[in-house]
Amino acid sequence: MSLSALFPTLLSEKNGARPLVTYYDNSGRIEISYTSTRNWVSKSANFLRDVSEEARSISFELSNHWLSVVWLLTASALNLEIVETASDIHVSDVGSISASAINIRSPRDLWGRTSECTAGEIDFAREVLTFPDFFQSENLTKAEISGRHSRRLFNSPRADFDLYSEVILDGGSLVLVNGPVAIDAIARAERVD
């Protein structure tokens, strides 16, 4: 996986209105365009730079959610190494972690359903929205896009960064499904490959 090429590849998309992620769960459907994703990644990168300027690595414990794609791209924008454990920053939407890492709140809390943070946690939902939606990355390694623009469906409870990366580097889009929903109907409606 070429992590360094992900953010520059996102920036190179000319048609910003094209969907990058379409997300389904029990509450419905959300479609996130390339432009909206760029804004979320920029806000997230500015946020992380502010709260942990010296970070060199990041670890994740995330569900299959549209914000998991944002976190992957944020790691690319900041040139962070994704590691399994013991990183400078830990982003989790399940359980709690050790106090040595920064625990960013669950993506499910974004729409006003936040709860109080415990020690060592930062409430991402409240904090990130105040940051600029432009980020100047030092990462300029752009991938060669195949031009296939595949549309891939992924139905699993856990994030799959390898799959997300493959589709982004292809210039395609993701249909992420999390929860008991009608997969066949979604596949037909979304015209997945």
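Listing for the model above:
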quantity: The stretch 25-95: trypsin sites (Lys or Arg not before Pro) in DSSP loop, at most 16 other beta carbons within 10 Å; calculated: Arg56
quantity: Phi-based couplings in Hz for the stretch 177-187 (Karplus 6.51, -1.76, 1.60; Gly and Pro marked x); calculated: 10, 9, x, x, 9, 6, 4, 4, 5, 5, 4
quantity: Length gained when the stretch Ser57-Phe154 is fully extended (0.36 nm per residue, less Cα-Cα span); calculated: 32.3 nm
quantity: Listed peptides 7-14, 128-135 by packing density, highest first (mean Cβ within 10 Å); calculated: 7-14, 128-135
quantity: Computed E for Ala17/Val181 - FRET, C-beta separation, R0 30 angstrom, nearest 0.05; calculated: 0.75
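No lab work stands behind these numbers, since they all come straight from the coordinates. The structure displayed is predicted, hence computed values, not measured ones. Note: ideal-geometry Cβ built from the backbone for every residue, glycine included; neighbour counts use all protein chains shown.
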